[in-house]
Structures are given as structure tokens and as C-alpha cells.
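One structure below.
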Amino acid sequence: QVQLVESGGGLVQPGGSLRLSCVASGSIDSIYVMGWYRQAPGLQRELVATIATVGTTNYADSVKGRFTISSGNAKKTVYLQMNSLKPEDTAVYYCQALRGGYAYWGQGTQVTVSS
């Protein structure tokens, strides 16, 4: 089992920045991809960005050039630096980890972009 805990969400004005963090615990040795997804009210959950253990990254077109995903050194930690935030980035952001063919999810952290 893998447990994921997100932090860093909040309220920010358009054009502002936030940094999300996700820490994995439990059976983390075989995690091969971690990433961020988001879900806005009334919409399906969508990919934001992923990072593989080997360092390969993948971004949704809507966040390219504004968001950066990175991973920590010691623990299975993944960050999402979000710059130039827009109202349409408002959503619950979920951390995901892939291990052994299973997808594990965190509880989510709310990001609200509003003036």
C-alpha cells in the first residue's frame, strides 16, 4: 500500500503562484511514476503533469510553460510549482502514484484562483 499526502493549496489571485507538495509513504520502493491530476466542479479528473523515476516529465497542454513538476531527493516526494495561475486552474488537485500496476491517490488539495 502507498499513502499520499498533499499540501500547499489555497486561494491565490490571478497571475499568482502556488507550490503543491505530495509525500508518499508505505511501500514506496517500486513507485515508478508520480503525478498531479485535477478536478474542477462538474468536470472529469484530468492530467496535469507526471514525472517518472527516471526523470521523464509530461504536461497537459493547458499548463505547459506555467507549471513545473519535480521530485525530491530522499523520500518519494513530488512538487508542482504553479505560476501565472488563471481562474480556470481552480480545482481540487490530486497526487497520484503508480506502483505494480495500481494507481494510488491522495485526498486532494483545493486550489482557488480568484480576485
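The values are calculated or read from the model by the stated rules, or taken from the named source; none is laboratory data. Just so it is clear, the model here is predicted, and its values are computed rather than measured. Virtual Cβ from ideal backbone geometry, glycine too; neighbours counted across all protein chains shown. Surface areas here come from the heavy atoms of the whole protein model, side chains and all, with no ligands, DNA or RNA. Shrake-Rupley method; radii C 1.70, N 1.55, O 1.52, S 1.80 Å.
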In the stretch 71-80, which residues are assigned to a strand (DSSP E or B) and open to solvent by 50 Å² or more (accessible area, probe 1.4 Å)?
Ser71, Tyr79
Step by step: first the residues of the stretch 81-102, then only those that are touching a residue at least 60 places away in the same chain (Cβ under 8 Å) and in a loop (DSSP other than H, G, I, E, B), then the one that is nearest to Ile51 (Cα to Cα). Which residue is that?
Gly100
Number of the condition not met by Leu4 [criteria: (1) in contact with a Cys (Cβ under 6 Å, 6 or more places away or on another chain); (2) within 30 Å of Ser115 (Cα to Cα)]:
(2)
Among (1) small (Gly, Ala, Ser); (2) within 16 Å of Leu80 (Cβ to Cβ); (3) touching a residue at least 60 places away in the same chain (Cβ under 8 Å), the one test that Ser27 misses:
(2)
Here the residues within the stretch 33-68 that are of a type in the set (Val, Ile, Thr) and either more than 21 Å from Pro14 (Cα to Cα) or surrounded by 21 or more Cβ atoms within 10 Å (Cβ to Cβ) (or both) are Val33, Val48, Thr50, Ile51, Thr53, Val54, Thr56, Thr57, Val63
Determine, yes or no, whether Gln110 is loosely packed, with under 14 Cβ neighbours inside 10 Å, at negative phi, outside any strand (DSSP E or B) and of a type outside the set (Val, Ile, Thr).
no
